[in-house]
Amino acid sequence: MIFRGLILTLMLLLGGCASSSMVKAPNQQLAAVPADKAQVVFLRSSLFGAAISAPMFDVTQSEPAFIGILDNSSKLMVEVPAGKNTFMVVSEAADFLEADLVAGKRYYAVVTPRMGAWKARFSIWPVRADGNAEFKKADPKVQKIISNTVLMQNSPKSEAWFEKNKTDIKSKQAEYWPVWQQKAPGELLERTLLPTDGE
């Protein structure tokens with residue numbers, strides 16, 4: 001019985017190992033930030049849960065807008081209007097990052113895995129300009145993640161994946177957004193990109 005459970009778990013984990021169908025961006029330099037928009041760069045680098053992909057979305061307008069699939073040792077970049085924005089990562093569950101962004105500034109966020117019932121779940125953490133946060137811009141480990149991750153972009157295959165899975169994505173958003181809103185104010189603040197975090 002235990003052996004069968006281990007086999008099932010392995011199969012589920014391998015199911016998350018499939019290629020995300022993202023492609024390496026031809027220009028690995030981050031684009032200059034437009035004066036009228038903010039730029040957010042999502043980073044991922046962790047040995048735990050490395051085989052599981054992390055699909056990322058902009059849910060500011062409620063309807064999920066596909067940013068891309070964040071694999072281990074990669075990064076994604078999105079440009080959005082300044083002001084209040086909300087982002088989501090989906091796996092076994094959904095988790096969120098809120099952001100209050102300034103036009104012309106670049107922001108970073110780190111996506112980290114955590115153990116779920118069957119496979120890794122993910123959380124999104126702001127990279128702070130300063131303070132005692134887990135991820136700080138001046139931390140050499142964060143700088144290493146920024147410099148060593150590969151910038152990826154969508155392809156027709158990743159866009160097709162999004163269209164195929166849109167119903168499930170929206171279902172997870174509807175289920176987990178109320179859970180997010182029940183967090184204490186201090187906990188929400190820890191998971192929010194602040195205007196001062198931009199560079």
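The values are calculated or read from the model by the stated rules, or taken from the named source; none is laboratory data. Please read these numbers as outputs of a predicted model, since none were measured by experiment. Cβ atoms come from the backbone with ideal geometry, glycine included; neighbour counts cover every protein chain shown. Areas reflect the complete protein model, heavy atoms only, side chains present, ligands, DNA and RNA absent. Shrake-Rupley method; radii C 1.70, N 1.55, O 1.52, S 1.80 Å.
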For the stretch 62-178, the per residue accessible area (1.4 Å probe, Å²) is 47 Å²
If amide H atoms are modeled at 1.01 Å from N in the peptide plane, then the residues at a separation of 5 or more from A82, or on another chain, having amide H under 5 Å from its own are A38
For the stretch 117-170, size of Cβ-based charge dipole, Lys and Arg +1, Asp and Glu -1, in debye: 100 debye
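Would you mind calculating the gained length between E63 and E175 on full extension (0.36 nm times residue separation, minus the Cα-Cα distance), in nm to one decimal?
Between E63 and E175, full extension yields an extra 38.9 nm.
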Rank-order 158-164, 180-186 by packing density, defined as the average count of other C-beta atoms within 10 Å over each peptide's residues, highest first. 158-164, 180-186
Residue by residue through the stretch 32-44, which ³J(HN,Hα) values in whole Hz follow from phi under the Karplus form 6.51 cos²θ - 1.76 cosθ + 1.60 (θ = phi - 60°), with glycine and proline marked x? 4, 6, x, 5, 9, 9, 10, 10, 10, 10, 9, 10, 8
Per-residue HN-Hα couplings for the stretch 64-72 [Karplus 6.51, -1.76, 1.60; θ = phi - 60°; Hz; x = Gly/Pro]: x, 9, 6, 8, x, 10, 9, 8, 4
So, with a 1.4 angstrom probe, what is the percent of accessible area on the stretch 110-199 that is carbon and sulfur? 55 percent
Can you give me the C-alpha center-to-center distance between the stretch 121-199 and the stretch 57-100, rounded to a whole angstrom? 6 Å
With +1 on each Lys and Arg Cβ and -1 on each Asp and Glu Cβ, and nothing else charged, work out how big the dipole of the stretch 62-163 is about its Cα centre, in Debye to the nearest 20. 440 debye
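Among 172-179, 125-132, 83-90, how do they line up from the highest to the lowest mean number of other beta-carbon atoms within 10 Å?
83-90, 125-132, 172-179
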